[in-house]
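Only one structure is covered here, and it is reproduced in the block below.
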Amino acid sequence: MKEEQVQKLVQQAARGNHEAFGRIYDLYAPQVFNFVLSRVRNKQQAEDILQTVFLKAWNSLAKYQPNPKAKFSTWLFQIANFTVIDYWRTKKEVVELDKLENLAEFAVEPKLYENYDFLWQAFEELPADYATILHLRFIQDLDVSECAQVLGKTHVGIRVMQHRALKSLKKILSKNGHDTF
Amino acid sequence: MTPSNSNNGRKKISDERLTSLLKKSPASFKFNQKRIKESLLGQIEEQQLNKAAELIKERTKVSFLKRHRLATAFGTAILVAAGSGAALSQAGIYQPASTINALGHVQEEVMLKLPLPAAQKADIQMRVAENRARKLEQALEQSESPHTRTEALHESSEIMSQAIDQISGSKQKQVERGRSEAADKYSTMLERLAELANQQEQKVEELIESGVVTDNNAELNNHLSKIKSLRLKAEAQIELTSTEQ
């Protein structure tokens, strides 16, 4: 769907149209869910956070200002990122490794997912902000400007963070014996 | 960036290779998209119902001082309107009371046409139905004009019918989504409408029996049968949906 059509749906939803908001959900829920799941690695919690993200989006639609430089999805990722940060901040218990689910079980293509297992394991070892920037930039395919908006940083800040994240990921892969492939 | 060589001569991963690997990685997971959507939309509707309920509470909790100020301001406005209206009515131009009443109806109609969420619309419809029922009571008891009574009878049953249809539809949606709490709030509204209809039935029956109002007997009987069927409709909606729940 084109961004113009999305913006029309957003306007309708902002006027209280549930159906339009339902269509926005249908359109973006998978992307937002995949992003959240990659951060929390627990399906149930990711589903709860997904609902929270869209509820926050509904409640803030009146404040949403369309930006010609950023898509509506950028705004949703921004909410998702803050919600995940809040989730980690308020979560008192330390997540044990055995509580992290094997995401291959829920992958749309489990076999293919398993082929990339070495990459996901390295991802888990990354600091949260590095994993977030790599996910947004290369898995969700957001450009530097959109990432800057989601994470509240400058373009330069994003480029520096991305460089450090890639360097760190390579270092972990190397440590795990996957530095050449 | 070009691939760098490691000590054992193997090519080390470059930034380009790593980013292309990340882009190709299958990061798509299954989840219950439909269930979350239903739950989300139900939560939104419930939130709106709660907001509407809070608004009503706030309105009824207006402090004495505020009420006093409002009453003074409203009284002044009425006096000004009545004063200028009286002058105009003396000149045979218009009647102040009916003008104020007509303005209220226009506002109500505008509010009913606003593209509001179902919960807020139901709340407004409830209040409009209550308002019209009150006006009907006044018209039946106080008005000397058969035309005013006929108009009030017609408007009251029409508004009541719209409110029952709208609220029943909203309740049905909540039942289908499994949101029993939100559905119960609509049930309460339907119960109130059925109660209003019942009060009107009694009033109209009383008037017919007493023979005080003779000009509108046909309309009164017609309204009585309409309002009875509306009450039965509201009661059936409460029963129907609660059985499904």
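Side notes on the structure shown:
- Residue check for A:ASP141: surrounded by fewer than 18 Cβ atoms within 10 Å (Cβ to Cβ), at positive phi and of a type outside the set (A, V, I, L, M, F, W, C): yes
- Residue within the range A:34-48 that is among the aromatic types (Phe, Trp, Tyr), at pLDDT 95 or above and in contact with a helix residue (DSSP H, G or I) (Cβ under 7 Å, 6 or more places away or on another chain) present: no
- Qualifying helices (runs of 4 or more DSSP H) (wholly inside the range A:69-171; at least 1 residues being under 18 Å from the mean Cα position of the chain (by Cα) and away from chain B (no Cβ under 14 Å)): A:72-90, A:117-125, A:128-134, A:144-151
- Within the range B:27-48, residues that are more than 7 Å from every other protein chain (Cβ to nearest Cβ) sit with their Cβ atoms under 6 Å from residues that are assigned to a loop (DSSP other than H, G, I, E, B), at 6+ positions apart or across chains, in these pairs: B:GLU38/B:ARG177; B:GLY42/B:ARG177; B:GLY42/B:ARG179; B:GLN48/B:PRO117.
- If the condition is being more than 17 Å from the chain's Cα centre (by Cα) and of a type outside the set (D, E, K, R), then the range A:16-62 contributes A:GLY16, A:ASN17, A:HIS18, A:ALA20, A:PHE21, A:GLY22, A:TRP58, A:ASN59, A:SER60, A:LEU61, A:ALA62.
- Residues of the range A:125-138 satisfying the condition of being crowded, with 21+ Cβ neighbours inside 10 Å and free of Cβ contacts under 8 Å to residues at least 40 places away in the same chain: A:ILE133, A:LEU134, A:ARG137, A:PHE138
- In the range A:42-68, the qualifying residues are those that are assigned to a loop (DSSP other than H, G, I, E, B) and either in contact (Cβ under 8 Å) with a residue 24 or more places away in the chain or under 16 Å from A:GLN140 (Cβ atoms) (or both), and the one that is nearest to the other protein chains (Cβ to nearest Cβ) is A:ASN42.
- Residues being more than 10 Å from every other protein chain (Cβ to nearest Cβ) and not hydroxyl-bearing (Ser, Thr, Tyr) - total across the range A:26-35: 2
- Test for A:ARG23: is it touching a His at 6+ places or on another chain (Cβ under 9 Å) and either more than 7 Å from every other protein chain (Cβ to nearest Cβ) or at pLDDT 90 or above (or both): no
- Single unsatisfied condition, A:ARG39 versus (1) closer than 22 Å to B:GLU38 by Cβ; (2) in a helix (DSSP H, G or I): (1)
- Within the range A:172-181, the set of residues being away from chain B (no Cβ under 11 Å) and assigned to a loop (DSSP other than H, G, I, E, B) comprises A:ASN176, A:GLY177.
The values are calculated or read from the model by the stated rules, or taken from the named source; none is laboratory data. This structure is a prediction, so every number in the text was calculated from the model and none was measured. When we count neighbours, we look across all protein chains shown, and the Cβ atoms used for this are built from the backbone with ideal geometry, even at glycine.
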